[in-house]
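**Q** After the structure tokens below, expect a handful of questions from me.
The values are calculated or read from the model by the stated rules, or taken from the named source; none is laboratory data. Nothing here was measured: the structure is a model prediction, and the numbers come from that model. With ideal geometry, Cβ positions are generated from the backbone for all residues, glycine too; neighbour counts draw on all protein chains shown.
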């Protein structure tokens, strides 16, 4: 407490007992409280331009020791909470309406290392959530192993994951994830590059079971678990139907004028113009979205895996309607 007094006096040398709001934020930061959390606290208490020191002490520093609760929820015992542990913690405490989204987790993970330390948890806990948590602790809340067990995901996703991992390498590539969601019947949930990246937390271009389980959006998890709870089983026929309906290899070969098995950026630009995609200009950024291994050219596999769903539909519609390679039009695109 003496350290608190000394720090406060640095900003209140005349001993008035009040301090300007902007200076108090600096005090909180120096004392180890996150800046964003300090601002939220002061705004929430309608403190005006100045804050009474005694009120500040009684309100802010009457906080509970969260270390024991934190340790209980750290089921891996590594001193940190992963996103799934934090989700389970809030469910086990009884915060049914507070779902830990990716954004909420990032608000705790101040150093962006993918995990939350006790210090980060304490510093970045929203004032309203802190009050709810402290009220639970004041009411005699203790860690209940049975409630904790119930807070775990109710469905084992490993079997479904293994079925969708057609390459058998233990990971889902973007096309496998797209096909998985189509095969499950999630017709309105199209896996875009951004959605895939939200799963691929280590940015290696593939999604492990752990990444899939940890980063599955709560609403999508509920839909998936409902499917599995209702007796969903892997259907080879539905899986086959989830594959792209059109063979793109022949069109790809026509546009590969260099014959090296890859499309360079100029070939891809010409290909889209020759097909008739007048409004779709292949920029460097679009080309890089195809070139997943960053080698400067796009293979058939990359082209097929990274084709945007809307573009794929347009292309498949062209091919379904009898589109054939026209050397004259191709020459005009040069």
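**Q** Hey, residue 54 hits all of (1) touching a helix residue (DSSP H, G or I) at 6+ places or on another chain (Cβ under 6 Å); (2) modelled with pLDDT of 60 or more but one; which does it fall short on?
**A** (1)
**Q** Does segment 73-87 hold any residues that are part of a helix (DSSP H, G or I) and at pLDDT 80 or above, and which are they?
**A** 73, 83, 85, 86, 87
**Q** Another question, if that's okay. Which of the following residues is surrounded by 17 or more Cβ atoms within 10 Å (Cβ to Cβ), in contact with a strand residue (DSSP E or B) (Cβ under 9 Å, 6 or more places away or on another chain) and farther than 23 Å from residue 331 by Cα: 297, 306, 293?
**A** Numbers: 297 fails: farther than 23 Å from residue 331 by Cα; 293 fails: surrounded by 17 or more Cβ atoms within 10 Å (Cβ to Cβ).
On inspection, the qualifying residue turns out to be 306.
**Q** Still on this structure, I have one more. Inspect segment 153-173 for any residue being closer than 19 Å to residue 81 by Cα and in contact with a helix residue (DSSP H, G or I) (Cβ under 8 Å, 6 or more places away or on another chain) and give the result as yes or no. Can you show your working first?
**A** Here is the first cut: in segment 153-173, the residues closer than 19 Å to residue 81 by Cα are 153.
Of the ones still in play, those that are also in contact with a helix residue (DSSP H, G or I) (Cβ under 8 Å, 6 or more places away or on another chain) are 153.
Yes, segment 153-173 contains a residue that is closer than 19 Å to residue 81 by Cα and in contact with a helix residue (DSSP H, G or I) (Cβ under 8 Å, 6 or more places away or on another chain).
**Q** Can you name every one of the helices (runs of 4 or more DSSP H) wholly within segment 187-294 that holds 3 or more residues which are closer than 28 Å to residue 112 by Cβ, at pLDDT 85 or above and within 21 Å of the chain's Cα centre (by Cα)?
**A** Qualifying helices (runs of 4 or more DSSP H): 193-199, 209-215.
**Q** Can I ask one more? Being in a loop (DSSP other than H, G, I, E, B), at pLDDT 70 or above, outside the structural domain of residue 132 (by TED's automatic domain parsing) and farther than 30 Å from residue 144 by Cβ, is that true of even one residue in segment 16-30?
**A** yes
**Q** Sort out which residues of segment 121-140 are in contact (Cβ under 8 Å) with a residue 40 or more places away in the chain and closer than 28 Å to residue 219 by Cβ, and write them in order of number.
**A** Within segment 121-140, 121, 124, 125, 126, 127, 128, 130, 133, 136 qualify.
**Q** Moving to a separate point now. For segment 130-153, does any single residue satisfy the condition of being in contact with a strand residue (DSSP E or B) (Cβ under 9 Å, 6 or more places away or on another chain) and modelled with pLDDT of 80 or more?
**A** no
**Q** Which of (1) surrounded by fewer than 20 Cβ atoms within 10 Å (Cβ to Cβ); (2) within 26 Å of residue 22 (Cβ to Cβ); (3) modelled with pLDDT of 80 or more does residue 125 not meet, given it meets every other one?
**A** It is condition (1) that residue 125 fails.
**Q** Enumerate the pairs (first residue in segment 275-287 and at negative phi and without any contact (Cβ under 8 Å) to a residue 12 or more places away in the chain; second residue anywhere and surrounded by 10 or more Cβ atoms within 10 Å (Cβ to Cβ) and assigned to a loop (DSSP other than H, G, I, E, B)) with beta-carbon separation below 9 Å, excluding pairs fewer than 6 apart on the same chain, so at least 6 apart or on different chains.
**A** From residues that are at negative phi and without any contact (Cβ under 8 Å) to a residue 12 or more places away in the chain, the pairs are 286/280; 286/308.
**Q** Can you find a residue that is touching a strand residue (DSSP E or B) at 6+ places or on another chain (Cβ under 6 Å), in the same structural domain as residue 144 (by TED's automatic domain parsing) and surrounded by 21 or more Cβ atoms within 10 Å (Cβ to Cβ) anywhere in segment 86-99?
**A** no
**Q** Name every residue in segment 88-106 that is farther than 16 Å from residue 198 by Cβ and either in contact (Cβ under 8 Å) with a residue 12 or more places away in the chain or assigned to a helix (DSSP H, G or I) (or both), in order of residue number.
**A** 88, 89, 90, 91, 92, 93, 94, 95, 98
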